[in-house]
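First comes the structure, then the notes that go with it.
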Amino acid sequence: MSKKLLLTFEDADENIAQISIQDVKEGVSKEEATTLANYLLTNNIVKGKKGALGHFDKAYVVETTTTELR
């Protein structure tokens, strides 16, 4: 099973942008996700389709299980 952290942002026009981070550590907290998201925003590391992102909205951990069909 693989896990990824999905960070959701909004720009000034309420358009949604998402960033996916692969192989997130076990037990990552909302505080850690928020800290990372705020770092990305304040250092202008990420941008949306129409420019700067306005604010961090939500964080999710997505777990994916892959099963080979036989």
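The values are calculated or read from the model by the stated rules, or taken from the named source; none is laboratory data. These numbers come from a predicted model, not from an experiment. Every residue, glycine among them, receives a Cβ derived from its backbone with ideal geometry; neighbour counts consider all protein chains shown. Surface areas here come from the heavy atoms of the whole protein model, side chains and all, with no ligands, DNA or RNA. Shrake-Rupley method; radii C 1.70, N 1.55, O 1.52, S 1.80 Å.
Here is how the numbers come out for the structure above:
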| read-out | value |
| --- | --- |
| Extended-chain gain in nm, criterion 0.36 nm per residue less alpha-carbon gap, Ile45 and Met1 | 12.9 nm |
| Simple label model, 7 Å out from Cα along Cβ direction - His55 to Gln22, nm | 3.3 nm |
| Whole-number accessible area per residue in Å² for the chain, which is evaluated in the context of all protein chains at 1.4 Å | 77 Å² |
| Simple spin-label estimate for Thr65 and Thr8 in nanometres, 7 Å along Cα-Cβ | 2.4 nm |
| Positive-end residue of Thr42, Thr67, Ser2, charge dipole of the chain with Cβ unit charges | Thr67 |
| Ranking by accessible area, most exposed first, for Ile21, Ile16, Ile45 with a 1.4 Å probe | Ile16, Ile45, Ile21 |
| The chain, accessible surface, carbon-and-sulfur percent (1.4 angstrom probe) | 48 percent |
| Karplus (6.51, -1.76, 1.60) ³J(HN,Hα), θ = phi - 60°, over the stretch 22-34, in Hz, Gly and Pro reported as x | 6, 6, 5, 5, 5, x, 4, 9, 5, 4, 5, 5, 5 |
| Intensity falloff of the stretch 5-45 expressed as log10 I(q)/I(0), Debye formula with alpha-carbon point scatterers, at q = 0.20, 0.22, 0.30 Å⁻¹ | -0.66, -0.78, -1.18 |
| Longest DSSP-loop-exposure-free segment, GluC sites (Glu not before Pro), the chain, at most 16 other Cβ within 10 Å | 27-67 |
| For the chain, convex hull of alpha carbons as volume per residue, Å³ | 98 Å³ |
| Student exercise, the chain dipole from Lys, Arg, Asp, Glu Cβ charges, in Debye to nearest 20 | 180 debye |
